[in-house]
1. With +1 on the Cβ of every Lys and Arg and -1 on the Cβ of every Asp and Glu, and nothing else charged, how large is the dipole of the chain about its Cα centre, in debye rounded to the nearest 20?
2. Quick one: which of 233-246, 348-361 comes out on top by average Cβ neighbours within 10 Å, and what's the full order, highest first?
3. Taking all protein chains in place and a 1.4 Å probe, what share, in percent, of the accessible surface of the chain do carbon and sulfur account for?
4. With θ set to phi - 60° and the Karplus curve 6.51 cos²θ - 1.76 cosθ + 1.60, what are the ³J(HN,Hα) couplings of the stretch 264-278 in order, to the nearest whole Hz, using x for Gly and Pro?
5. Would you kindly find the accessible area of E108, with a 1.4 Å probe and non-protein molecules such as ligands, DNA and RNA excluded, rounding to the nearest 10 Å²?
6. Go through K103/K252; K95/K352; K70/K202; K252/K310; K231/K252; K176/K279 and tell me which ones have a Cα-Cα distance over 27 Å in this structure.
7. What order do you get for 255-267, 170-182 when each peptide is scored by the mean count of other beta carbon atoms within 10 Å, highest first?
8. Taking the Cβ of G282 as the centre, find all other residues whose Cβ is under 10 Å away and add up their charges (Lys, Arg: +1; Asp, Glu: -1).
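The values are calculated or read from the model by the stated rules, or taken from the named source; none is laboratory data. Quantities reported herein were computed from a predicted structural model and do not represent experimental measurements. Here Cβ is always computed from backbone atoms with ideal geometry, including for glycine, and neighbour counts include all displayed protein chains. Only protein heavy atoms, including side chains, enter the accessible area calculation; ligands, DNA and RNA are left aside. Shrake-Rupley method; radii C 1.70, N 1.55, O 1.52, S 1.80 Å.
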Amino acid sequence: MRPVRTSVVTAAAAVAALTAVTGCADKSDAKADGAAGSIKVTATDSSCELSKNDFPAGHVKFDIENKGSKVTEVYLLFPDDRIVAERENIGPGLKQQLTAEVKAGSYEIACKPGMKGDGIRQKVTVTGGTAAKRNPALDTAVAEYRKYAQEQADETLPKVKVFTDAVRAGDLEAAKKAFAPSRLGWERTEPVAESFGDIDPKTDTREDGLEKGQKWTGWHRLEKSLWADGKIGQDEKDLATELDKDLADWQKRVGTAEITPTSMANGAKELLDEVATGKITGEEDRYSHTDLSDFKGNVEGAQKAYELLKPVAAKNDAALTTELDKQFGGLNTLLDKYRTDKTSYDFTSYDKVSEGDRKQLSDAVNALAEPLSKLAAAVTK
């Protein structure tokens with residue numbers, strides 16, 4: 001889920017983590033290329049300014065700068081709010097570049113200071129231009145990733161039912177045991193789920209991420225009842241059934257998701273951002289402390305997208321893929337320290353992981369996120 005910061009201490013920690021994890025986020029101007037050139041997006045706490053609102057279709061690069069005081073995120077959206085591309089967790093004073101494959105049509109660009117709400121929006125028009133040229137190997141990668149995303153959704157529903165059946169039966173311990181396994185498929189493919197806009201808020205929102213007037217539902221609402229409150233009442237049983245329904249909706253819609261090579265690459269980076277801002281801090285599963293299971297799911301999902309894109313990326317930038325292989329290997333080896341069985345997702349409870357060990361995990365995530373932020377550009381060369 002998209003994290004939200006509420007406390008001063010947490011906000012400071014998040015900005016520190018994001019400064020490292022954003023990789024290409026720096027103080028220097030990014031150089032643009034591509035058929036449409038670079039679209040400059042300047043975000044502040046009260047505005048979202050674009051260098052142009054009309055540009056041709058194809059591989060489009062956005063140079064984003066956050067001149068505000070809050071962590072922000074920038075989205076390219078379809079008119080119905082489905083996500084075409086996004087860059088989250090841009091710290092104050094930082095710059096990032098986002099590469100997206102965009103077809104002709106009407107869209108909106110939204111800047112979200114504080115990472116909440118509908119954002120400050122600008123309408124943009126993408127004209128005919130030229131179709132983005134694509135290596136046939138990338139069509140294969142997209143097809144395989146679409147299959148992977150559907151498999152993850154299909155495999156998630158039975159695991160979720162084990163969890164929700166235990167809740168409906170009032171079996172506290174069985175529900176606790178089934179909680180983390182029920183989330184793995186979602187965590188591996190979360191950018192696809194988030195692209196629909198309306199499913200993630202229902203299923204994966206933390207209490208501090210609620211919008212004004214939003215009912216709290218989903219995994220984390222049940223997590224709080226199971227661990228913090230230690231009870232299962234009728235409300236929880238009803239919420240379990242609601243979770244089944246919302247995730248069944250996700251499963252049905254996965255096949256309709258807009259997936260491109262650049263969305264795969266950007267999604268891999270987003271999964272590392274998820275780790276940096278939710279799992280490393282211990283905020284994602286703050287009651288159950290099952291953060292490392294989610295962490296592993298995010299890494300596996302990012303690595304799957306990378307592995308599918310790797311044949312093309314390696315031809316275009318061999319040094320980048322060599323570095324990515326190294327950093328994925330290092331992070332996976334580090335995660336293995338926290339489980340006795342490498343085939344299991346039964347990880348050490350995150351409240352037992354020391355601050356020093358958390359820092360080591362954070363450093364490994366940062367080391368991977370920097371080269372991973374360059375993957376989209378590598379597959380569009």
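1. Dipole about the Cα centre, nearest 20: 660 debye.
2. 233-246, 348-361
3. On the chain, the fraction of accessible area on carbon and sulfur atoms equals 51 percent.
4. 5, 5, 5, x, 4, 5, 4, 5, 5, 5, 4, 4, 5, 9, x
5. Spelled out: E108, probe radius 1.4 Å, area about 30 Å².
6. Pairs exceeding the cut-off: K95/K352; K252/K310; K231/K252.
7. 255-267, 170-182
8. Local net charge: -2.
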